[in-house]
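Below you'll find the structure, written out as structure tokens, and then a few comments.
Here, each number is a calculation from the coordinates, and none is a lab measurement. Quick caveat: nothing in here was measured; it's all calculated off a predicted structure. Don't worry about glycine lacking a Cβ; one is built from the backbone with ideal geometry, like all the others, and counts go over all protein chains shown.
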Amino acid sequence: MKAGDTIVAISTPPGRGGIGVVRLSGEKSRSIAEQILRFRDVVWRPWSSQLAALLDHAGSVVDNVVVTFFAQGRSYTAEDVVEISCHGAPVVLRHCLERAVEAGARLAEPGEFTLRAYVRGRIDLPQAEAVRDLIDATTLYQARVAAQQMHGSVSRRIRPIKEQLLELIALLEAGIDFAEDDISVASAADLLARLNPIQLALQQMVASFRAGRLVFEGFSLAIVGRPNVGKSSLFNRLLEQDRAIVTDIAGTTRDTVSEATAMAGIPVKLVDTAGIRHSDDKVESLGIERSYQAMADADLTIVVVDLSVKFTPDDDSLLNKLGDCVPLLVGNKADLPRRCEASVTLLPVSATTGEGIAELKHAIVKRLAPEGLASPESGSITSVRHEALLKESLEALENGRRAIGFNLPHEMLLLDFYAALRPIDAVTGATSADDILNRIFSTFCIGK
């Protein structure tokens with residue numbers, strides 16, 4: 001990517017709409033706009049809009065547009081940015097794009113607008129990644145978390161940790177500088193006292209990833225049980241639509257059925273499965289095998305028991321076959337007279353009336369995030385890359401702690417503490433390699 005080029009892209013989604021936006025960024029943005037548009041009076045006032053006509057090669061009007069100018073330093077990319085708002089016909093947007101390229105602009109690479117914002121210091125790397133997360137958000141909670149990260153919630157949480165580590169490094173460097181004067185600038189106890197809060201803060205950030213990853217990765221939920229306990233009815237109730245076929249005939253579901261939804265703002269893949277029982281029917285047996293596979297693949301399994309009938313050997317056999325899996329045990333048909341006397345604790349629900357469904361959803365989220373979902377403002381990490389880097393930093397700090405215990409020279413301690421600093425810098429982008437940057441920004445959509 002050549003930083004000196006003026007780039008152009010369509011910044012609105014493909015398809016027809018009321019408005020479509022073509023964005024230019026670079027020092028030639030205004031001159032290119034003047035070549036392809038006809039203004040009544042050209043007035044380039046920052047953060048203001050003006051009317052113009054989009055022309056074809058013969059000078060005829062193709063569309064009437066609104067042109068908005070953002071001056072360098074205060075624009076998204078910190079360069080001159082011109083946004084041309086056309087009517088949202090794909091043919092008009094393509095024409096505007098082609099005219100801009102003919103006038104000297106270059107088609108933008110994926111994520112190049114945001115990359116320029118990062119390179120010019122408008123945003124740091126966690127904020128840049130949050131832009132992508134906000135674009136990809138499928139729930140309002142995801143959008144709120146990404147918006148807070150765009151405003152620097154992760155960066156604000158990391159910054160004091162980095163400052164404390166830099167102070168510790170500076171202290172050790174000073175000790176080396178005055179070594180020939182036989183001056184001890186810090187005892188082992190003092191070093192450990194400074195190291196403890198750094199490690200604790202990083203450990204808390206790493207721990208936040210357990211709940212943070214759910215925000216964007218979501219989880220899968222398998223619903224299992226013997227035939228006719230109401231698995232498909234519960235599936236439809238959680239999904240809030242009639243997706244699975246429901247009848248009084250046992251074994252109606254012969255294969256897995258999956259659908260996406262959200263719980264507490266977290267994306268969920270719900271999987272309805274075939275009823276588990278002994279069967280000589282080949283097709284039903286294949287469906288039962290897939291039920292077991294769905295249980296193995298799911299982040300959480302709900303085992304459904306019918307509260308209106310006695311606890312059966314098939315129910316007991318299914319619970320015994322779960323192995324290391326710790327399911328959420330649910331008793332369905334709570335609206336009917338209860339006859340089930342299971343030795344295990346069942347969460348009563350009714351897929352028919354909706355009784356207990358809110359409590360079930362709460363229990364599901366509580367099981368997957370025992371400490372609860374952090375507020376969007378907390379600065380929880382949601383990126384696998386961030387988690388891996390912070391773990392790497394923690395490992396280096398632990399090596400430094402052991403080195404302090406062995407009374408190793410400060411020069412040796414510095415090796416560990418610098419090793420801990422590099423991953424933190426990589427999170428914020430201070431020392432990121434080009435291949436990391438390209439990998440991050442290549443996942444952006446064109447025009448952003």
Charges only on Cβ, +1 for Lys and Arg, -1 for Asp and Glu: so what's the dipole of region 7-123 about the Cα centre, in debye to the nearest 20?
240 debye
How long is the gain from residue 258 to residue 312 if the chain were fully straight, where each residue apart is worth 0.36 nm and the alpha carbon distance is subtracted?
16.7 nm
Scan around residue 262 for amide H atoms under 5 Å from its own, H built in the peptide plane at 1.01 Å from N, and keep only partners 5 or more places away or cross-chain.
268
Over the chain, what is the percentage of antiparallel beta bridges among all DSSP beta bridges, to the nearest 5?
65 percent
How large is ³J(HN,Hα), in whole Hz, for each residue of region 400-417 in order, when computed from phi with the Karplus curve 6.51 cos²θ - 1.76 cosθ + 1.60 and θ = phi - 60°, using x for Gly and Pro?
x, 4, 5, 5, 4, x, 8, 6, 6, x, 4, 4, 6, 4, 4, 4, 5, 6
Suppose only helical runs count, i.e. DSSP H with n ≥ 4. What mean residue ellipticity at 222 nm does that imply for the chain under -39500 (n - 2.57) per run, divided by all residues and rounded to the nearest 500 deg cm²/dmol?
-14000 deg cm²/dmol
Kirkwood-based Rg/Rh on the Cα set of region 7-123 evaluates to 0.95
Any idea what the alpha-carbon Rg over 2.2 N^0.38 Å comes to for the chain?
1.32
Equivalent-ellipsoid semi-axes (√(5λ), Cα gyration tensor) for region 6-54, whole Å, largest first?
20, 14, 10
When the chain is treated as a Gaussian network with springs between alpha carbons less than 10 Å apart, the largest mean-square fluctuation among 42, 206, 330 is found at 42
For every other residue with a beta carbon closer than 9 angstrom to the beta carbon of residue 69, add +1 if it is Lys or Arg and -1 if Asp or Glu, then tell me the sum.
0
Computed E for residue 401/residue 135 - FRET, C-beta separation, R0 45 angstrom, nearest 0.05:
0.65
